[in-house]
Structure formats: structure tokens, C-alpha cells
Amino acid sequence: MVLWKRLKGAVQTLRCRNKVKSMIKETIQDAINRQINRELHSAYLYTAMSAYFETLTLRGAAKYMRVQANEERAHAMKFFDYIVERGGTVKLTAIDAPPVKWESPLKVFEEAYKHEQKVTGWINDLVNLAIKEQDHATNNLLQWFVKEQVEEEANAAEIVEKIKMLGPEGHAFLWLDHELGKRE
Ligand SMILES: [Fe+2]
Ligand SMILES: [Fe+2]
């Protein structure tokens, strides 16, 4: 009898899961899976930037990029959790290798800024898709990312401006490195 009840429970759970599976459209799921790859690639890119700053013994900037990489991984997992919650399937694909070296610290932050602008474009495309598919839940999730991208672009742009003001060499840049190292 106990076994029967357990079996019944398991079948019900499976039915439930199958029902949940229909909660996300394939077009949306595919687009979110692509975005998971991009967020993980962002994490990879910022990890490479952190490694580059370590070679310059700019420990503050290295730490800043390490924290940034962790944030990107958290973004990927936010999308991951959403797909799971809606009974979909997370599909991970190969992540492109980032560069090893940059010309200067300024070039690193300029690339970070350009990269964030590109990500904003992808998030906007996702919003457009969610609207087209009338998927309000996905649109709601994406609004968090719309807001996040405003902050991401502003942060990168601010650092680019500061480096330009201070110049890449000497004491002034070391002060900025110290400031960047305060990021938690
Ligand atoms: Fe991100
Ligand atoms: Fe980002």
C-alpha cells in the first residue's frame, strides 16, 4: 500500500513536471540559453582581464574584474534558474576564448564598455522577442537586466573617463587602482 502511494506520488510529480514543461516557448528558451552562453562568456572575458591586471601587478583592477566576472556568472545563473523554474531545459554550449593581453589598462576598460553595450543590445533583442511572443513573465525577468545594463554601462564608462583624465602611468593611476580594489 505504501509503495502504491509512493508510485502514485511519483507519477503525479512527473505529470506536474510535464505540465510545467509547456510553460516556456522553445523560441524563448533557445534565446535565453544563448544569453546564458553570453553571460558566461562575459565572465570568461572579465576573468581574462583580471589575469592581465595581475601580470601588471595592478591588484585593485584585477580584483575589480574578478568581482565583475562573478557578477556575470550570477547573471547566467539567474537565467538558468528561470529556465528551470519554468520547466524548461538548460543547454550549455562552448564558450569562446577571450584574449590574453591588451595594449593598456585603458584599452581593457574601453573593451569592457563596448562589451557591455553589446550585451545591452542582446537584452533589448530578448525583450522584443518576449513582447512579440506575449511572454510577460520573461519580459518581467528581463526588466531586471535592462536596469542592470544601465548600471554596467555607466560603471565602465566612468572608469574609462577616469583613466583618460589621470593618464595611464604614474601615481594617479595607482590611486585609481587602489580605488578599484575596494569593490566587494
Ligand atoms: Fe551580464
Ligand atoms: Fe555585464
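None of the figures in this text is laboratory data; all of them are computed from the coordinates on show. As the structure is a computational prediction, the values presented were derived from the model and not from experiment. For neighbour counting, all protein chains shown are included, and Cβ atoms are generated from backbone atoms with ideal geometry for every residue, glycine included.
Within the stretch 136-157, identify whether any single residue is under 30 Å from Gly60 (Cα atoms), of a type in the set (A, V, I, L, M, F, W, C) and not in a helix (DSSP H, G or I), and answer yes or no.
Going through the stretch 136-157, the residues under 30 Å from Gly60 (Cα atoms) turn out to be 144-157.
Pick out the ones that are also of a type in the set (A, V, I, L, M, F, W, C) and you get 144-146, 150, 154, 156-157.
Keeping just the survivors that are not in a helix (DSSP H, G or I) gives none.
For the stretch 136-157, residues under 30 Å from Gly60 (Cα atoms), of a type in the set (A, V, I, L, M, F, W, C) and not in a helix (DSSP H, G or I): absent.
Filtered by the rule that a residue be among the aliphatic types (A, V, I, L, M) and more than 13 Å from ligand 2 (Cβ to nearest atom), the stretch 58-88 gives Leu58, Ala61, Ala62, Met77, Ile83, Val84. Taking the stretch 142-165 as the range and being crowded, with 16+ Cβ neighbours inside 10 Å and away from ligand 2 (no atom under 16 Å from the Cβ) as the test, the residues that pass are Lys162, Ile163.
Is it the case that Lys164 is within 13 Å of ligand 1 (Cβ to nearest atom) and either in contact with a His (Cβ under 9 Å, 6 or more places away or on another chain) or assigned to a helix (DSSP H, G or I) (or both)? So Lys164 fails the test. Restricting to the stretch 105-137, what's the tally of residues that are under 21 Å from Gly167 (Cβ atoms) and buried (at least 19 other Cβ atoms within 10 Å of the Cβ)? The number of residues fulfilling the criteria is 6.
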